[in-house]
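Working notes, beginning with the structure itself.
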Amino acid sequence: MVTSKVFKYSFLIIFVLAISGFFFFKYNSFDGNFVRDTVAKEQQLVEPPELDRVELIEIVNGSTYGELMSGVGISADLANQIYKTATDKYDLVKIKVGHNLEITFDKNTDQFKQLVYKIDSEDELAVYQNSELTAEIRPIPYEVKIVTKGGVVESSMYEAALKNNIDERAIIALADVFQWTIDFALDPRVNDGFKFVYEERYLNGEYQMPGRVLAGEYVNAGQKYQVYYFEEDKDNVGYFDENGNSVQKMFLKAPVSFRYISSGFTTGARYIEAFNISTGHRAVDYAAKSGTPIRSVGDGTVIMASRNGSYGNMVKVRHNGTYQTNYGHMSKFAVKQGNKVKQGDIIGYVGSTGLSTGPHLHYEMEKNGVKINPLLEIQPPGRAIKKENKPRFLTEMQQWQIALGK
Ligand SMILES: [Zn+2]
């Protein structure tokens with residue numbers, strides 16, 4: 001096979017050289033351009049360079065690093081050297097099921113050239129042959145495409161996204177940038193609109209996943225909210241409104257994340273009981289499946305994680321001298337009394353313990369010991385961009401506004 005292929009190509013190349021030689025002699029003295037053109041055509045017919053051999057090994061249950069390496073013909077000795085080289089960067093014994101090992105062999109020598117292992121969605125381990133074996137953790141070299149998508153809410157933002165072929169991971173990321181602004185369990189209304197600019201990540205031309213959300217707009221019951229991604233400096237990176245105020249606030253709008261309410265809830269009856277002074281229900285009840293994670297709406301200290309009469313399993317988080325939040329009827333705790341929690345940390349799971357007729361979260365906010373309606377508590381705007389960085393922010397914002405179609 002190989003011999004006949006080489007023979008065939010040699011024959012072809014000789015033939016092309018002969019033809020181009022003919023044209024060269026015939027036209028060289030009259031027209032230089034024509035000669036160059038002919039030479040270019042000849043080069044196109046030369047066999048393309050061979051590529052390195054790449055073995056993509058899928059890590060399945062029960063596979064070990066050593067076995068996978070020997071499976072592609074790497075000696076135990078070399079596998080061990082690669083392992084040792086990688087070890088301060090990443091322990092190759094910890095490779096995970098479902099990930100891949102990508103091993104490249106040199107096209108000329110067929111010797112080991114490189115091992116790549118994607119650790120998570122951001123970084124990969126590479127061990128490669130330089131003058132000696134070298135290991136490094138480096139960002140995965142995605143190709144990034146910036147896209148603008150959006151939709152109109154008929155039942156939920158999630159449904160609207162699926163209908164418009166938006167990756168559900170992108171819509172969750174969009175909801176996350178609005179998590180201090182909109183309670184996606186309670187606020188959405190029919191005909192709300194959303195639009196956002198975000199990155200799509202590709203590897204070798206194949207779509208992998210969404211990247212960062214760069215700008216977003218949500219129109220809730222006629223009120224427009226906008227967020228823009230901005231890197232002020234390495235300590236202040238995040239989302240800002242059109243005035244340059246951080247949208248990140250002391251409390252999240254809801255103790256249940258969009259990712260858990262997204263598919264199960266629609267506009268309308270998404271909570272079973274609202275805050276109501278006259279009925280004495282000084283809390284908001286979120287209907288959710290048993291086991292749905294509950295998150296602390298703010299940073300704080302857990303001052304209770306135990307059974308508490310009709311509240312069932314209850315967690316109380318003290319945020320500062322003024323605010324405290326309480327979460328009742330949990331099926332399970334994720335924290336203990338005395339734990340410090342960060343905003344968004346999971347503190348327990350929805351259940352129906354205590355005096356409860358079905359799985360739901362009973363959520364209370366206290367201000368100076370008085371139960372208040374958390375949905376009406378007005379929060380001060382987050383930290384603003386410094387004056388000297390404002391022009392840069394506004395320039396970038398205008399660019400995203402154009403992408404949003406303003
Ligand atoms: Zn309740």
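The values are calculated or read from the model by the stated rules, or taken from the named source; none is laboratory data. Here the structure is a predicted model, which means the values were calculated and not measured. A quick note on method: Cβ atoms are made from the backbone with ideal geometry, for glycine too, and the neighbour counts reach across all protein chains shown.
Does H362 satisfy the criteria of being within 14 Å of the ligand (Cβ to nearest atom), without any contact (Cβ under 8 Å) to a residue 40 or more places away in the chain and not in a loop (DSSP other than H, G, I, E, B)?
No: the conditions fail for H362.
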Residues of segment 326-353 classified as closer than 21 Å to V370 by Cα and surrounded by fewer than 22 Cβ atoms within 10 Å (Cβ to Cβ), total: 1
Filtered residue count, segment 57-97, keeping only those that are more than 20 Å from L133 (Cα to Cα), exposed (fewer than 12 other Cβ atoms within 10 Å of the Cβ) and in contact (Cβ under 8 Å) with a residue 40 or more places away in the chain: 1
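Take segment 147-160 and flag every residue that is aliphatic (A, V, I, L, M) and either surrounded by fewer than 17 Cβ atoms within 10 Å (Cβ to Cβ) or in contact with a Gly (Cβ under 6 Å, 6 or more places away or on another chain) (or both). Before the answer, list the steps.
As a first pass, look at segment 147-160 and keep what is aliphatic (A, V, I, L, M): 147, 152-153, 157, 160.
Scanning segment 147-160 gives V147, V152, A160.
Inside segment 313-326, can you point out the residues that are away from the ligand (no atom under 16 Å from the Cβ) and under 30 Å from the mean Cα position of the chain (by Cα)?
Of segment 313-326, the ones away from the ligand (no atom under 16 Å from the Cβ) are 317-324.
Selection gives V317, H319.
Restricting attention to segment 284-297, does a residue exist that is on the phi > 0 side of the Ramachandran plot and touching a Lys or Arg at 6+ places or on another chain (Cβ under 6 Å)? Walk me through it before giving the result.
Residues of segment 284-297 on the phi > 0 side of the Ramachandran plot: 291.
Subsequent filtering for residues that are touching a Lys or Arg at 6+ places or on another chain (Cβ under 6 Å) retains none.
Within segment 284-297 (the criterion being on the phi > 0 side of the Ramachandran plot and touching a Lys or Arg at 6+ places or on another chain (Cβ under 6 Å)), the answer is no, since none of the residues qualifies.
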Selection from segment 388-406 of residues that are within 13 Å of V197 (Cβ to Cβ) and surrounded by 15 or more Cβ atoms within 10 Å (Cβ to Cβ): E396, M397, W400, Q401, A403, L404
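Could you check, for segment 295-312, whether at least one of its residues is out of contact with any Leu (no Cβ under 6 Å at 6 or more places or on another chain), within 15 Å of the ligand (Cβ to nearest atom), outside the structural domain of I182 (by TED's automatic domain parsing) and not in a helix (DSSP H, G or I)?
Narrowing segment 295-312 to residues out of contact with any Leu (no Cβ under 6 Å at 6 or more places or on another chain): 295-296, 298-309, 311-312.
Adding the requirement that they be within 15 Å of the ligand (Cβ to nearest atom) leaves 308-309, 311-312.
Adding the requirement that they be outside the structural domain of I182 (by TED's automatic domain parsing) leaves 308-309, 311-312.
Those left that are additionally not in a helix (DSSP H, G or I): 308, 312.
Checked segment 295-312: at least one residue is out of contact with any Leu (no Cβ under 6 Å at 6 or more places or on another chain), within 15 Å of the ligand (Cβ to nearest atom), outside the structural domain of I182 (by TED's automatic domain parsing) and not in a helix (DSSP H, G or I).
Could you pull out the residue among A287, A269 that is at pLDDT below 95 and surrounded by 20 or more Cβ atoms within 10 Å (Cβ to Cβ)? Spell out the reasoning first.
Working: A269 fails: surrounded by 20 or more Cβ atoms within 10 Å (Cβ to Cβ).
That would be A287, the only listed residue that is at pLDDT below 95 and surrounded by 20 or more Cβ atoms within 10 Å (Cβ to Cβ).
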Enumeration of residues in segment 327-353 that are within 12 Å of the ligand (Cβ to nearest atom), modelled with pLDDT of 95 or more and more than 18 Å from G298 (Cβ to Cβ): H329
Counted residues, segment 115-131 - those being surrounded by 16 or more Cβ atoms within 10 Å (Cβ to Cβ) and polar (S, T, N, Q): 1
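Can you pull out every residue in segment 379-397 that is over 30 Å from the mean Cα position of the chain (by Cα) and either under 30 Å from G291 (Cα atoms) or in contact (Cβ under 8 Å) with a residue 24 or more places away in the chain (or both)?
Residues of segment 379-397 over 30 Å from the mean Cα position of the chain (by Cα): 387-388.
Across segment 379-397, there are no qualifying residues.
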Segment 354-385, subset of a type in the set (D, E, K, R) and at pLDDT below 90, residue surrounded by the most Cβ atoms within 10 Å (Cβ to Cβ): R383
2 or more residues under 28 Å from R53 (Cβ atoms) and touching a strand residue (DSSP E or B) at 6+ places or on another chain (Cβ under 8 Å): qualifying strands (runs of 3 or more DSSP E) within segment 79-195: 100-105, 112-118, 123-129, 133-139
Count of residues meeting criterion [surrounded by 13 or more Cβ atoms within 10 Å (Cβ to Cβ) and not aliphatic (A, V, I, L, M)] in segment 197-214: 9
